[in-house]
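A short worksheet on the structure shown next.
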Amino acid sequence: MIVTLYYLVFAVALFFMLRLASQLAKTIPTSKKYRKVILRGFPLFELAIWAAFVLWVVNHALGNSEYLTLATTSVLLVFLLIISWFFLRDFIAGIILKTEFPFEINQRIAASKYDGAIKRLGYRSLELEMDNGDIVKIPYSQIASRSIHLQNMEDSLRGHETLVKASTKIPVQTAKDIITKEVLLTPWATTKQVPTIRVVEQTDQTNSYSVHFHSVSSKYAASISQHLKTVFDSKGDENKS
């Protein structure tokens, strides 16, 4: 009874020490890259510590018993299976999901609290771009256990509108052609839907165009808007010279 209590107290102390170590690992004064490596590897380190503890308990409890070798082998086999499942569960879940769902890059997916556009399909996880521009890496096993809503590529595209000002020295139709060409040549807009362009204001110096186009996120829409502004700013400078 006393020996059992000794093991129990030791296990509780080890548990709290590992919890404290996991919190301290988050505050290590190092680069973000190395801190991420440490945090990713900590669960394996923790598992190795528990494996060593269990082996120590078995060895201490059985001593020179004839069952020591069998018990040690069984413990090592169990921990080996746990480690294998830790690495293989996401890989297996990914194969199953890719078989059931035809994932495509830039396609929107909603699964529980995750909702965004697919940016990368890995072997063990996929990367989503959220509406606020954040990139989230999600293991396939976390998605497989949830209800999944996968939108068609056409439905994943969102309409955006921007205002472009061009010099009156550029004919209206020429300006529209330039806008259409520049939008479709960017890697952020869809080529399946041609931008809708209309003149909304005309002055002696500039014409203002409302441009409606489709992109997969607000972040990319902002990039397209900035690109159009840069194009017509440069053309305005050319006309002045």
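The values are calculated or read from the model by the stated rules, or taken from the named source; none is laboratory data. Bear in mind the structure is a predicted one, so any value in this text is a computation, not a measurement. Cβ atoms come from the backbone with ideal geometry, glycine included; neighbour counts cover every protein chain shown.
Can you give me the number of residues within segment 25-72 that are among the acidic types (D, E) and either closer than 18 Å to L14 by Cα or touching a strand residue (DSSP E or B) at 6+ places or on another chain (Cβ under 6 Å) (or both)?
Residues in segment 25-72 being among the acidic types (D, E) and either closer than 18 Å to L14 by Cα or touching a strand residue (DSSP E or B) at 6+ places or on another chain (Cβ under 6 Å) (or both): 1 in total.
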Hey, S218 under 35 Å from the mean Cα position of the chain (by Cα), at pLDDT 90 or above and assigned by TED's automatic domain parsing to the domain that holds V172 or not: no
Segment 128-143, subset part of a loop (DSSP other than H, G, I, E, B) and out of contact with any Gly (no Cβ under 6 Å at 6 or more places or on another chain), residue modelled with the highest pLDDT: D134
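I'd like to check which strands (runs of 3 or more DSSP E) are fully inside segment 144-210 and have at least 2 residues that are modelled with pLDDT of 75 or more.
158-167, 196-202
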Residue among E104, E46 that alone is farther than 15 Å from P139 by Cα, assigned by TED's automatic domain parsing to the domain that holds R146 and among the acidic types (D, E): E104
